[in-house]
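Before any comments, here is the structure.
The values are calculated or read from the model by the stated rules, or taken from the named source; none is laboratory data. The structure displayed is predicted, hence computed values, not measured ones. Here the Cβ is made from the backbone with ideal geometry for all residues, glycine too, and neighbour counts use every protein chain on show.
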Amino acid sequence: MTNAAPEIKRRALGKGLDSLLPRVQTAPASSIIENEGGKPLEITLDQIDRNPFQTRSHSNEEQMAELAASIKANGVVQPVLVRPLANGRFQLIAGERRWRASELAGKATIPAILRQVSDEQAMEITIVENLQRADLNAMEQARAFERLSREFHMTQEQMATRTGKDRATVANFLRLLKLPASVQTRVEAGELSFGHARTLLSFEHAEEMEKAAQRIVALSLSVRQTESYVQGLIRPDRAGKKEAKPEPPIDPNVRAVQERLQRALGLKVHIEDHDGRGKVIIEYARLEDFDLLLEQLAAE
């Protein structure tokens, strides 16, 4: 009987965000708690405290203004998620952008769904909810995955299941934490993309990564140009003596699929398409990448 609770928690892994929202049976602290798990309630904005477990460290003010304008015109379409506190206030669990945008829009209240959850559950919900969004920068995602691993002892497979991503993608994000702090800052600022950052990991020393990052930003190199540049530094004997020819234009639909595959696999992908016929080339730089790719493609 003593192992029953841990077993229930393990079986909950992989059921998505909803599995993190248990409806705990507790005595209501006030009449408003009786609506826990029911229809959304209109709660005044100044009764809600910011989520202390928030993973997001940057926000796009232009996008926030657009969301505020939409809320001012149409209201909040999706309720935020909050939990009641002992002092009669509420703490935000999910929906910080909607909460902040509602303040900018001059709203007095916001629709909210109540949940009775512990500090640990609130933190896990926040991290997973953020990772399921597309607007976290690469370093924010990397630190969120690291936090799930460190504080909740999740494996890469469990993190992938919870967030709807594949294991190779999780592994590649975690590898970004090996970048020196100065390079991580450039990624957070949007000066370097996820592809740029992954390419820089080909170097063994932090000084090499920092020097290459400065040149990439200064010359506004694309990811493909960066790959050629980095390989030229690592293997100068293989560097081409002639300047690379400009790449032929790629059909937008083919490019979209190519980028989608790269995000899914965490590897460089090139599609050669000729009137509906062609080939898909997947490149890997290390045996670790190949093993992850094989695991994905051969999974039953």
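A few points about this structure:
- Helices (runs of 4 or more DSSP H) lying entirely in segment 120-176 (those with 3 or more residues that are among the hydrophobic types (A, V, I, L, M, F, W, C) and modelled with pLDDT of 80 or more): 138-152, 167-175
- Residue match in segment 197-211 (condition: touching a Lys or Arg at 6+ places or on another chain (Cβ under 9 Å) and modelled with pLDDT under 85): no
- Residue satisfying condition, being on the phi < 0 side of the Ramachandran plot, in contact (Cβ under 8 Å) with a residue 24 or more places away in the chain, in the same structural domain as R50 (by TED's automatic domain parsing) and touching a strand residue (DSSP E or B) at 6+ places or on another chain (Cβ under 6 Å), within set E124, E129: E129
- Within segment 150-181, tally of residues that are over 17 Å from R198 (Cβ atoms) and not aliphatic (A, V, I, L, M): 11
- Residues (among the aliphatic types (A, V, I, L, M), touching a Lys or Arg at 6+ places or on another chain (Cβ under 6 Å) and modelled with pLDDT under 90) located in segment 94-115: none
- Restricting segment 95-119 to residues that are free of Cβ contacts under 8 Å to residues at least 40 places away in the same chain and outside any helix (DSSP H, G or I) leaves a set whose member that is surrounded by the most Cβ atoms within 10 Å (Cβ to Cβ) is G95.
- Within segment 258-281, being within 25 Å of the chain's Cα centre (by Cα) and over 18 Å from L201 (Cα atoms) holds for Q258, E259, R260, L261, A264, H270.
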